[in-house]
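To start, the structure under review is shown below, and the notes come after it.
The values are calculated or read from the model by the stated rules, or taken from the named source; none is laboratory data. A quick note: this is a predicted structure, and the numbers were derived from the prediction, not measured. Here the Cβ positions follow ideal geometry from the backbone for every residue, glycine too, while neighbour counts run over all protein chains shown.
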């Protein structure tokens, strides 16, 4: 075998021969050094025409430096292979000049907007379409050139909106909602595909039929020709030469309440609904249902309103939602009176003798009607108020109210005189007063977790009649209470708390701090403060103890404020009752006190 030579030497030799043959060609080597940016561009070397020396670490096996160790993470940015490849570092783009700092103490001149001003003056020189101001009144219109766009009138229903849109653009079909309304009609469907049907959309009154007074109008859901063979609903309405637009208004599913009173807030609309009204009444209209307006007489007054007698009924008028004070107090809001309205109607249920009832009593005043009124006091009411003022000296402001003032008028059964002015004849009538109030509160506690929270002697009415007993039903057990010819009625539920089963109605008394700042020693003022201590200002929760506090207040009144025929033994019994009531937590517990034992009977004797 022939001995082979050194292959590496032969390759070098062949390269040298090629070099001699083709001229000096730069040798190609792998460059493993990282490029460094030359200090000057003129000092840059042409990597395609020069040969870099191999790194020492790859030739003589010296220890690699930190740069070599980090190649795997940095990437091999410096490797370049190939002839005539320019690997010179490129010049970076010039950095963006920053605004020079403002020298201290120098004031920057305001920018000159003269050029902008000249531009807009040039634009304003052109003739632009004339445009009217934004429409603020009902009769305003938009004007652009010679075109006048008809104004959309105040719309109360979706049907009216559709009608107006049809007048402005006949190609527009009725809304999907309108189609659903018409499809809900129970009348048979009839195919409509003629021009006469489409003409009905022009809102012309259909001719009166000679057969009956029922005329047809047709609404096509779409103007698509493909629907010509389909059935479309026909709504039949009765008319006597009435305009079709009036009939469409009558078809609206939106109540007049919403369309007429769009400016009213939701609490006021809820109040109207609770009173069964579509809109507020005037005073004469409301009073006329119960008496001749000329016979109206003022019989009392309170902080928040006036009381008038109308026939056999009493009307309590409370101004609401005004932005000025009445009798020194901020007017009640609609949502506050809404709760009192619901309270009144709910307590009325305790008077209804239904077979499945578990709690009944005649103690709370019967509410006959409640109305929302609007407007100034009628001259008849002004006259009645001034006559009362001349005789008794009113503590309230003169009822000079503006046109838009609103009120709630409670029409109540006439319950007699309040305890402050009623004359008790003897101890039996006093006992009857206490047992009726206690039993009534016990029944309302069991039925609705009711707390009156303001049972002062102005909110208890007394009336003499021929009855000797009154029936009460407490948690399914019937008892009869001796009356001794006196019947009481509890009124005014402004501060009351109740659980209707659906919601809890209460008045947050923390918003009325002056209620608890009455004179020391005054029984009524002290009772408010005791309530505050019991509830700890949590007025939403149930604290039946507040009812007991007002029973203690009543016993104090009988001992100190009311005069009637009584013995020293009777007074000792009242004091003993007051002491025992300090331990009771509810009226239900109090009604079982020995003081009432001979006043309650299982059946009529």
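What residue, of 400, 389, is surrounded by fewer than 19 Cβ atoms within 10 Å (Cβ to Cβ), outside any loop (DSSP other than H, G, I, E, B) and outside the structural domain of residue 567 (by TED's automatic domain parsing)?
On the way: 400 fails: outside any loop (DSSP other than H, G, I, E, B).
Answer to the check: 389.
Residues of segment 256-265 being modelled with pLDDT of 60 or more and under 17 Å from residue 371 (Cα atoms), which ones?
Correct list: 264 only.
So, in segment 394-417, how many residues would count as being modelled with pLDDT of 95 or more and farther than 29 Å from residue 280 by Cβ?
0
Out of all the residues in segment 349-379, which are under 28 Å from residue 330 (Cβ atoms) and in a helix (DSSP H, G or I)? Can you show your working first?
Initially, segment 349-379 is screened for residues under 28 Å from residue 330 (Cβ atoms), giving 364-365, 367, 369-379.
Listed by number, the list holds a single entry, 379.
Residue under question is residue 299, and the condition is that it be over 27 Å from residue 502 (Cβ atoms), under 28 Å from the mean Cα position of the chain (by Cα), outside the structural domain of residue 449 (by TED's automatic domain parsing) and in a strand (DSSP E or B); does it hold? Explain how you work it out, then say what you get.
On the way: over 27 Å from residue 502 (Cβ atoms): yes; under 28 Å from the mean Cα position of the chain (by Cα): no; outside the structural domain of residue 449 (by TED's automatic domain parsing): yes; in a strand (DSSP E or B): yes.
The answer is no for residue 299.
Of the conditions (1) surrounded by 15 or more Cβ atoms within 10 Å (Cβ to Cβ); (2) at pLDDT below 95; (3) under 24 Å from residue 336 (Cβ atoms), residue 451 clears all except one; give me its number.
It fails just one condition, (2).
Considering only residues that are part of a loop (DSSP other than H, G, I, E, B) and surrounded by 14 or more Cβ atoms within 10 Å (Cβ to Cβ), look in segment 540-563 and name the one that is farthest from the chain's Cα centre (by Cα). Talk me through it step by step, then tell me what you get.
Within segment 540-563, the subset part of a loop (DSSP other than H, G, I, E, B) is 540-544, 561-563.
Within this subset, residues satisfying the condition of being surrounded by 14 or more Cβ atoms within 10 Å (Cβ to Cβ) are 542-544, 562.
Values: 542: 25, 543: 28, 544: 30, 562: 47 Å.
Once the filter is applied, the top-ranked residue is 562.
Take the residues in segment 564-597 that are surrounded by fewer than 13 Cβ atoms within 10 Å (Cβ to Cβ) and touching a residue at least 24 places away in the same chain (Cβ under 8 Å); name whichever of them is farthest from residue 452 (Cα to Cα).
567
Kindly indicate whether residue 380 is in the same structural domain as residue 285 (by TED's automatic domain parsing), closer than 24 Å to residue 461 by Cα and surrounded by 15 or more Cβ atoms within 10 Å (Cβ to Cβ). Outline the logic, then answer.
On the way: in the same structural domain as residue 285 (by TED's automatic domain parsing): yes; closer than 24 Å to residue 461 by Cα: no; surrounded by 15 or more Cβ atoms within 10 Å (Cβ to Cβ): yes.
Criteria not met by residue 380.
Report the residue count in segment 413-431 for those that are within 30 Å of residue 370 (Cα to Cα) and surrounded by 21 or more Cβ atoms within 10 Å (Cβ to Cβ).
Initially, segment 413-431 is screened for residues within 30 Å of residue 370 (Cα to Cα), giving 413-422.
Among the residues that remain, those that are also surrounded by 21 or more Cβ atoms within 10 Å (Cβ to Cβ) are: 419.
Summing the residues that are within 30 Å of residue 370 (Cα to Cα) and surrounded by 21 or more Cβ atoms within 10 Å (Cβ to Cβ) in segment 413-431 gives 1.
Among the residues of segment 365-387, is any in contact with a strand residue (DSSP E or B) (Cβ under 7 Å, 6 or more places away or on another chain) and farther than 26 Å from residue 285 by Cα?
no
Inside segment 328-347, can you point out the residues that are buried (at least 17 other Cβ atoms within 10 Å of the Cβ) and closer than 20 Å to residue 401 by Cα?
331, 332, 334, 337
Please work out if residue 317 is outside the structural domain of residue 515 (by TED's automatic domain parsing), under 19 Å from residue 401 (Cβ atoms) and in contact with a strand residue (DSSP E or B) (Cβ under 7 Å, 6 or more places away or on another chain).
Working: outside the structural domain of residue 515 (by TED's automatic domain parsing): yes; under 19 Å from residue 401 (Cβ atoms): yes; in contact with a strand residue (DSSP E or B) (Cβ under 7 Å, 6 or more places away or on another chain): yes.
Yes, satisfied.
For segment 578-605, which positions are outside any loop (DSSP other than H, G, I, E, B) and farther than 24 Å from residue 543 by Cα?
Of segment 578-605, the ones outside any loop (DSSP other than H, G, I, E, B) are 578-581, 587-590, 594-601.
Within segment 578-605, 597, 598, 599, 600, 601 meet the criteria.
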